[in-house]
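Peer 1: Sharing a structure with you now.
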Amino acid sequence: MRWVTVNLYYAQAQAAQIEKYAHWCTFHRVEAPPILVDGCGLWFDDGGLALLSAAAPAPFYLTPQMFLKRERGQSLLAQACGLSKRHRESALGLTVLDPFAGFGLDAFVLAHLGCEVLAVEQERMIWLMLCDYAHILDIKADIICADAHDFLECRTAQWDVVYLDPMFEARQKRALPNLGLQHLQFISGKAEVDVEGCLAGALRVAKQRVVLKRRRKDPVSGTPSFQLKGQAVRFDVYVC
């Protein structure tokens with residue numbers, strides 16, 4: 001699913017604050033977040049931008065607490081990307097490309113550690129949220145709106161690390177994913193990611209390593225140099 005113009009819903013009290021989104025959004029003044037039956041949009045209030053979609057009844061916000069929780073559990077991610085737990089300076093100047101930024105938590109953790117991060121997100125609504133979120137967190141990262149496959153295909157520049165975190169395939173289970181993932185899955189649609197193709201493209205532009213995040217029991221792509229496994233996910237690392 002691709003969105004050229006984003007519907008942004010807002011209350012009158014925020015009218016003066018939304019002009020910075022005018023280039024990308026069509027504005028709709030309402031008294032409360034609308035319940036969308038079959039579409040998607042953004043809601044803006046004192047908490048910043050939030051996602052609206054038919055997937056869930058409530059707006060979804062990116063909060064500082066989400067970042068702090070991810071930051072506390074980042075040791076495997078940092079290790080997979082070649083960062084030393086004991087030497088924070090190992091991240092300084094390390095360039096990282098994250099072509100599947102999603103909600104940006106991993107990209108922002110790496111940027112907070114000192115890496116120079118370029119985050120790519122294809123869905124314009126989520127990209128706008130990421131830009132807003134980075135400002136709230138005071139995180140310095142470059143964030144662009146582009147398709148990951150196209151971006152990797154046409155790149156000649158190289159990064160020290162390419163971090164691949166494509167959306168996991170939906171599984172048949174009774175429990176629903178968390179609210180954010182419900183929105184993300186709805187907005188992104190059901191198109192499957194060409195993991196093998198993205199891995200090949202990533203290996204072409206990575207100078208040191210490619211890190212592929214997968215569910216712990218997902219099939220392995222290619223021949224990773226090593227793996228780091230957590231309780232639910234694993235990181236397959238391909239050293240260049």
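The values are calculated or read from the model by the stated rules, or taken from the named source; none is laboratory data. Predicted, not measured: the structure shown is a model, and the values here were computed from it. We place every Cβ from the backbone using ideal geometry, glycine too, and count neighbours over all the protein chains shown.
Peer 1: Restricting attention to region 204-240, report how many residues are surrounded by fewer than 16 Cβ atoms within 10 Å (Cβ to Cβ) and outside any strand (DSSP E or B).
Peer 2: 12
Peer 1: Let me ask something additional. Determine whether D150 is of a type in the set (D, E), part of a helix (DSSP H, G or I), over 22 Å from A232 (Cβ atoms) and in contact (Cβ under 8 Å) with a residue 40 or more places away in the chain.
Peer 2: So D150 does not fit the description; no.
Peer 1: Does at least one position in region 95-103 carry a residue that is in a strand (DSSP E or B) and of a type outside the set (A, V, I, L, M, F, W, C)?
Peer 2: yes
Peer 1: Sticking with this one: When region 116-129 is examined, which residues are found to be of a type in the set (A, V, I, L, M, F, W, C) and in contact (Cβ under 8 Å) with a residue 40 or more places away in the chain?
Peer 2: Scanning region 116-129 gives L118, M125, I126, L128, M129.
Peer 1: Ok, one more. Would you say A16 is assigned to a strand (DSSP E or B) and either within 24 Å of A134 (Cβ to Cβ) or within 20 Å of the chain's Cα centre (by Cα) (or both)?
Peer 2: Spelling it out, it is not the case that A16 is assigned to a strand (DSSP E or B) and either within 24 Å of A134 (Cβ to Cβ) or within 20 Å of the chain's Cα centre (by Cα) (or both).
Peer 1: Within region 160-176, track down each residue that is surrounded by 14 or more Cβ atoms within 10 Å (Cβ to Cβ), modelled with pLDDT under 95 and among the hydrophobic types (A, V, I, L, M, F, W, C).
Peer 2: Within region 160-176, M167, F168 qualify.
Peer 1: Something else: Please work out which residue is farthest from the chain's Cα centre (by Cα), limiting yourself to region 93-114 and to residues that are without any contact (Cβ under 8 Å) to a residue 40 or more places away in the chain and more than 26 Å from L52 (Cβ to Cβ).
Peer 2: Among those residues, the one meeting the criterion is G93.
Peer 1: What pairs can you find where one residue is in region 30-52 and assigned by TED's automatic domain parsing to the domain that holds R124, the other is β-branched (V, I, T), and their Cβ atoms are less than 8 Å apart, with a gap of 6+ or different chains?
Peer 2: As it stands, the answer is none, since no pair meets every condition given.
Peer 1: I'm trying to understand the selection: among the residues of region 47-65, which are part of a strand (DSSP E or B), out of contact with any helix residue (DSSP H, G or I) (no Cβ under 8 Å at 6 or more places or on another chain) and of a type in the set (S, T, Y)?
Peer 2: Y61
Peer 1: Looking at A134, A107, A111 in this structure, which one is closer than 23 Å to P224 by Cβ and not in a strand (DSSP E or B)?
Peer 2: A107
Peer 1: So if I check each of G82, G41, which one is surrounded by fewer than 24 Cβ atoms within 10 Å (Cβ to Cβ), assigned to a loop (DSSP other than H, G, I, E, B) and not hydrophobic (A, V, I, L, M, F, W, C)?
Peer 2: G82
Peer 1: What number of residues in region 69-79 are outside any loop (DSSP other than H, G, I, E, B) and either aromatic (F, W, Y) or at pLDDT below 85 (or both)?
Peer 2: 1
Peer 1: If only one of T95, T26 is in the same structural domain as V211 (by TED's automatic domain parsing) and surrounded by fewer than 20 Cβ atoms within 10 Å (Cβ to Cβ), which one is it?
Peer 2: Sole residue among the options that is in the same structural domain as V211 (by TED's automatic domain parsing) and surrounded by fewer than 20 Cβ atoms within 10 Å (Cβ to Cβ): T95.
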